[in-house]
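Visitor: Before I ask anything, here is the structure I am working with.
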Amino acid sequence: MQAMATETFIGNMRGPVIRRTDADYDAVRSLYNRMIDKSPVMIARCTDVADLVTAVNFAKQNDLQAAIRGGGHNGPGLGSVDDGLMIDLSMMKGVRVDPTARTVRVGPGCTQGDVDRATHIYGLAVPAGIVSTTGIAGLTLGAAPDTSPARQLTQVGFSNLFPKFCA
């Protein structure tokens, strides 16, 4: 990885890029499961979709293994990587509720608690998880164990949203 490419990458990001030498590196790289201790080369803290695209392209162009952290609740530590790029979406926390349509749009950094707070005032609920610190992105993409009710609900929801991928 070339220094010029790294500096260009950092300059193109709206969100902060944390390196091993930064004072907050250890705090930002820490995982929900404290038994897992991975050390990414850098952590791209995305604030929007453009940051996400920039981070993915940087990893691809520089042959860096990448891991994506959404809400940060993944038990096995799959949201981080040793000697690669952690793409951290935890700052992307927008929740928009349409009470008339009874739908909610959720950013990839949101947790079940973020969604509950936004939906409950309208008398709505999203029955996805039972722990408020669980990330919605992981629940939505099926990161729960295969036998969990959240995973089974996710598989049904995914097959309804994307039927051509589940045939």
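No lab work stands behind these numbers, since they all come straight from the coordinates. The structure presented is a predicted model; accordingly, all values stated were derived computationally and were not measured. Backbone-built Cβ (ideal geometry, glycine too); neighbour counts: all protein chains shown.
Visitor: Would you work out the relative contact order for the stretch 2-83, in percent, from Cα pairs under 8 angstrom that are 6 or more residues apart?
Guide: 34 percent
Visitor: Can you sort 78, 52 by how many other beta carbons sit within 10 Å, fewest first?
Guide: 78, 52
Visitor: Give me Rg over Rh for the stretch 3-88, both radii from the alpha carbons and Rh done the Kirkwood way, two decimal places.
Guide: A ratio of 0.94.
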